[in-house]
Every structure is written in structure tokens, then in C-alpha cells.
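Here's the structure, in C-alpha cells; my notes come after.
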């Protein structure tokens, strides 16, 4: 999934790159990371649907990802929100414009809203979220 041959080439070439090219790699890396985080959130969201709800997967995610339950809970609740209530934020992640931390903050900030209001907030925030 991460095309390890491409990553290996990039890592192997870092020593031979000039200053500008190294900066370009540093700037490009978070874009790829955000895209992979979107994949992870989709997978966790799908797991929640397979298991019948968010609460049943927190410990499974914690164990699988070697994180504490609280962090797993944040991942699971964010995944649920992104895949159901915040599709535009998830779309920004797909484009590498919002990272997982930013998405989790949006999910937490909109958690108290109804599904309809969360989707409306997601639409309103879309232009403001780029690069967060």
C-alpha cells in the first residue's frame, strides 16, 4: 500500500538531494501521510460497521495499533464521524490537505451537533480547513 520500493528510493536519494529538493520532500511527506491517515480512518470506520458499533471496536483497535484505549477511542470516534457526518473533511484528507490531528479536532468540535448540522458545518468549514 505504501509502495515501499518508491519510499526506499526516496529515502535512498535523500543524501544526494540539494537543499531545495530536500525541502520539497519534507513538504510533500505530510500530504502522503494525510492520505494514508484517511485510509486508516476508513478502515476503522468499516470495522465499526462490521462489529456493530463504535464501542465494540475500541479495544480491538488499541490492541492492533498498540495504542492506549483513550487514543484508540479517539481514532474510532473520529473514523465514525468522518465516514458518516464529515465527508468533506475526509475528502480533504484524501487530497492531503488536512491531517488526522486536524480531522480529529473537527470531529470533536462537531460531536455535539446533530448529523444534519454536522454535515452543514462540514460543508461550511471545507474551504477553511485546507492545510490545517
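The values are calculated or read from the model by the stated rules, or taken from the named source; none is laboratory data. Model, not experiment: these values are computed from the prediction. When we count neighbours, we look across all protein chains shown, and the Cβ atoms used for this are built from the backbone with ideal geometry, even at glycine.
Checked against the criterion of being modelled with pLDDT of 95 or more and farther than 27 Å from residue 10 by Cβ, the candidates 43, 79 yield just one match: 79. Regarding residue 28, is this residue surrounded by 15 or more Cβ atoms within 10 Å (Cβ to Cβ) and in a helix (DSSP H, G or I)? For residue 28, the condition - surrounded by 15 or more Cβ atoms within 10 Å (Cβ to Cβ) and in a helix (DSSP H, G or I) - is not met. Condition check for residue 9 on (1) modelled with pLDDT of 90 or more; (2) more than 21 Å from residue 99 (Cβ to Cβ): one failure, at (1).
To keep it simple, each residue is scored yes or no on (1) surrounded by 12 or more Cβ atoms within 10 Å (Cβ to Cβ); (2) closer than 30 Å to residue 73 by Cβ; (3) under 22 Å from the mean Cα position of the chain (by Cα).
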| site | (1), (2), (3) |
| --- | --- |
| 8 | no, no, no |
| 11 | no, no, no |
| 17 | yes, no, no |
| 35 | yes, yes, yes |
| 49 | yes, yes, yes |
